[in-house]
1. For ASP335, ASP300, what ranking results if the residue with the fewest other Cβ atoms within 10 Å of its Cβ goes first?
2. Just want to confirm a number: the relative contact order over region 259-488, from Cα pairs under 8 angstrom separated by 6+ residues, in percent.
3. Looking at this model, which pairs from LYS50/LYS163; LYS227/LYS271; LYS277/LYS340; LYS110/LYS340; LYS271/LYS474 are more than 32 angstrom apart at the alpha-carbon?
4. Suppose we keep just the alpha-carbon trace of region 274-401; what are its Rg and Dmax in angstrom?
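Throughout, read-outs are computed from the coordinates displayed, never taken from laboratory work. Being a predicted model, the structure only gives us computed values, none of them experimental. Cβ: placed from backbone, ideal geometry, glycine included. Neighbour counts: every protein chain shown.
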Amino acid sequence: MILLELVKQEWMKGIRSSGFYKNVAVSIFLGVFSLYIGGLLFFMGFSLNKILEEVPGGTPMELFNGAMLYLLLTGLLLRFMMQQLGTVNLNAYQVLPVNRSLLINFLLLKPLVSLANYVLLLVVIPFAVRSVAAYYTGGVALRFVVAFELMVWCNSLLASFLKRRFGSGLLSFVLVLVAFGAIFLLEYLHVFSLFAISRALFGFVVMNPIGLLIPAGAVVLAFLLNKWFFAQNFYPEKFNSKLQNSRTATANLSFLDRFGIIGELISVQLKLMLRHKRTRTLLFFSAIFLLYGLMFYTNDHQSDGMRFFCSMFMTGILMFIYGQWSISWDSAHFDGILTKNIPTRTYVQSNYYLMLAFNVICFILTTPYFLFGSKIIYMHLTAFLFNTGCNIIFLLFFATFNNKRVDLSRSSAMNYQGTTYKSFLIVLPIMFFPILWVNVLAWLTSLTVALWSLAAMGLIGLIFRKSLLNLCVKQFNSRKYIIAQGFREVE
């Protein structure tokens with residue numbers, strides 16, 4: 001069958017790619033982490049019954065049904081952000097005797113076999129066995145599980161349609177976020193009760209044998225919406241017509257040209273970050289991470305080390321995101337950089353000043369946290385100095401060890417393309433050293449001594465930045481051909 005042949009080709013495509021064998025360490029790490037999360041979810045499924053029994057207002061299943069629409073809306077939002085769209089090489093198959101409808105069906109159904117669509121069954125099945133079957137019957141428990149999984153499929157197909165129809169850019173996400181926020185605001189203002197609607201709807205679905213027709217119909221409707229979209233946009237030239245006719249969305253950054261070659265390189269990097277999916281998504285998430293202080297600073301039980309980590313993370317989030325990928329993001333045109341009349345020191349300095357500007361911007365954006373008290377002010381000032389004097393140099397030096405090509409055209413969320421164990425080794429020291437340093441010194445002496453010592457490290461790094469940049473330049477020169485060779489290997 002042609003369908004089985006398509007599945008076979010997708011499998012061969014995956015195992016034949018160079019990244020399949022090179023990312024063994026990352027795959028092992030993610031596999032162990034996934035098993036850990038799976039164990040937690042399974043334990044939660046058995047414990048959820050006792051938790052919901054303590055909540056007044058109905059049986060555990062009725063309460064779960066009431067929360068179902070909240071779960072589905074939240075899942076749809078997360079999928080819109082993180083779910084990668086399925087792809088197939090249309091040009092290769094259009095010249096072969098393969099039915100167009102079969103290709104579209106394969107493309108739409110392929111994401112449904114992803115493990116992400118079934119991971120919540122680790123919670124739902126134990127809950128259904130222990131709670132639903134205990135209060136009702138085994139048939140009700142079975143319909144409960146089937147209805148839940150059908151709605152997960154509907155979410156997956158609907159998220160794919162929304163991303164294909166409206167795009168996955170920042171504006172589209174903001175519009176979706178506003179729409180979801182309006183729904184929850186109306187719920188908060190008691191215009192309607194989403195909980196009551198969800199409880200009645202899914203109560204009918206679970207308690208009546210014909211109720212499964214509702215989630216099944218929702219899956220079919222979401223599938224037909226995707227089919228309709230592909231019927232209108234099957235050919236690549238039509239699908240990309242808007243992109244071909246649209247003007248660039250990046251701002252004019254010509255004012256940076258007055259700073260010479262360094263300014264031009266910074267301008268190129270900023271345009272690169274604004275034009276590609278992966279970098280734009282990371283910039284958006286960095287804005288969300290600036291809100292971390294609301295979680296750490298309002299908790300009196302947090303240690304000083306964790307609070308300083310939060311300060312360092314927020315005042316340097318753009319630096320952390322850009323720093324470890326500062327060279328890898330140039331992988332598509334790295335050979336061109338080596339052949340141009342661009343001194344290595346100039347290239348390294350452009351990355352340095354860009355990260356310095358990022359730190360200044362993040363520090364200014366986090367100044368409202370100064371209202372939390374003088375301790376937070378000192379932590380932010382210390383974090384800014386430490387990031388600027390030490391962490392920038394650290395990232396510039398160790399970014400040269402990351403020689404994996406990065407495809408910026410792919411979506412960022414849940415995308416580990418270009419990620420190796422080296423990426424984790426670069427970030428881990430930055431993450432854990434300040435926490436350990438502040439906690440130990442604060443315990444041995446005082447928090448003031450710990451902060452002053454880190455601030456002094458940052459000031460020393462700023463004073464000797466020329467010598468430290470020379471060290472980074474030598475490191476770059478010693479590895480630039482190894483980096484170039486790695487960037488030429490396309491997955």
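1. ASP300, ASP335
2. Relative contact order for region 259-488 comes out at 31 percent.
3. LYS50/LYS163; LYS227/LYS271; LYS110/LYS340
4. 16.3, 55
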